[in-house]
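Undergrad: Below is a structure I'd like to ask you about.
The values are calculated or read from the model by the stated rules, or taken from the named source; none is laboratory data. From a predicted model like this one, the values you see are computed outputs, not experimental measurements. Every residue, glycine among them, receives a Cβ derived from its backbone with ideal geometry; neighbour counts consider all protein chains shown. Calculation scope for accessible area: heavy atoms of the full protein, side chains included, ligands and nucleic acids excluded. Shrake-Rupley method; radii C 1.70, N 1.55, O 1.52, S 1.80 Å.
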Amino acid sequence: MRYAIQWLRSLIFSAQAYFAMVPIALIFLPWALIDRRGAFGAVHAWTGWIRWTASWMVGLKSEIRGPIPEGEVMIAAKHQSFFDIILICSALPRPKFIMKKQLLWAPIVGWYALRIGCVPVDRGRRGAAIKGMVEKVRANAVEPGQLIIFPQGTRVAAGVSMPYKVGVGVLYNELKAPVVPVACNVGVFWPRHAVYRKPGTAVIEFLPAIEPGLPIREFLATVEEVVETRSDALMAEAGFPALER
């Protein structure tokens with residue numbers, strides 16, 4: 001019975017979260033049309049709403065750890081569910097994403113994504129996608145912000161291993177920008193492809209920056225080691241079984 005009640009609460013929470021996009025998008029639209037700060041205001045308002053409602057509707061609190069980057073950096077983040085995106089966007093002053101171009105057709109999300117400077121890419125062809133990603137990121141370099149990329153390329157469930165893709169290494173090498181790794185335990189509480197939200201404290205943690213200049217292979221090994229090790233520690237802190245790697 002307790003599980004069923006929590007599942008129902010989770011369903012209601014998820015529904016209101018998506019419905020809340022509409023009034024927030026409309027309220028900020030006039031400002032967003034004339035100034036990108038309006039678009040970021042909408043992003044921060046909606047992500048703040050989700051964090052607040054999650055805390056009392058389903059008992060899922062959230063915590064941001066580590067120094068929050070404010071300058072021109074890349075963010076290489078562990079991606080376990082939609083909630084880590086929400087937490088990262090709520091914390092960063094000017095977040096923008098490498099995202100699959102199909103999202104441009106999503107109502108509200110597509111237009112606001114372009115307005116904040118997100119970079120759409122076609123992930124269907126790996127080589128062409130990486131080349132196009134670099135070119136589009138360079139073209140957007142005039143827009144200030146923190147560029148978020150998920151090195152594993154997709155959401156990965158808590159406890160599941162997946163290799164880090166070369167795309168983040170290519171961007172690191174080409175853009176000569178510091179990379180801030182981000183660890184999380186979000187998937188323990190908000191699993192992908194599931195309605196149920198588990199009560200607890202979801203954490204994302206900004207880790208020390210990796211400065212430009214490393215060879216791509218060394219960079220990839222470094223970012224994978226720090227993100228996975230710290231994410232495992234955060235998941236263990238949340239009661240998830242210890243992992244062997």
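Undergrad: Enumerate the amide H contacts of L60 below 5 Å, restricted to partners 5 or more residues apart or on another chain; note that Pro and chain-start residues carry no placed amide H.
TA: Counting only residues 5 or more places away or on other chains, the set is S55, G200.
Undergrad: Looking at the chain, which longest stretch skips every one of the GluC sites (Glu not before Pro) that is in a DSSP loop with at most 16 other Cβ atoms within 10 Å, leaving the sites themselves out?
TA: It runs 73-243.
Undergrad: Compute the accessible area per residue over the chain, keeping the other protein chains in place, probe 1.4 Å, unit Å².
TA: Accessible surface, normalised per residue, equals 49 Å².
Undergrad: Still on this structure, I have one more. Using modelled amide H (1.01 Å from N, peptide plane; none on Pro or chain starts), what sits under 5 Å from the amide H of I210, excluding residues fewer than 5 places away?
TA: For I210, whose amide H was placed from the backbone, the distant partners under 5 Å are V179, V180.
Undergrad: Under 5 Å between amide hydrogens, which residues at least 5 positions from M99 or on another chain qualify, with H placed 1.01 Å from N in the peptide plane?
TA: Long-range HN contacts for M99: V119, V121.
Undergrad: Check every DSSP H run in the chain and write down those whose alpha carbon atoms cover 24 angstrom or more along the long axis and whose mean Kyte-Doolittle hydropathy is -1.0 or greater.
TA: Both cut-offs are met by 2-19, 36-57, 216-237.
Undergrad: Right, here's the next one. Would you calculate a helix-derived [θ] at 222 nm for the chain, using -39,500 (n - 2.57) for each DSSP H run of n ≥ 4 and dividing by the full residue count, to the nearest 500?
TA: Dividing the helical sum by the residues of the chain leaves -15500 deg cm²/dmol.
Undergrad: Follow-up. What is the percent carbon and sulfur in the accessible area of the chain, measuring with a 1.4 Å probe over the protein chains and ignoring ligands?
TA: The value for the chain is 64 percent carbon and sulfur by accessible area.
Undergrad: Right, another one. Across 5 Å bins from the origin, how do the percents of Cα pairs in the chain run, short distances first?
TA: The calculated distribution, bin by bin, is 1, 6, 13, 18, 19, 18, 13, 8, 3, 1, 0, 0.
Undergrad: In whole angstrom, how far apart do the alpha carbon centroids of the range 1-17 and the range 43-121 sit?
TA: The two parts, judged by their Cα centres, are 22 Å apart.
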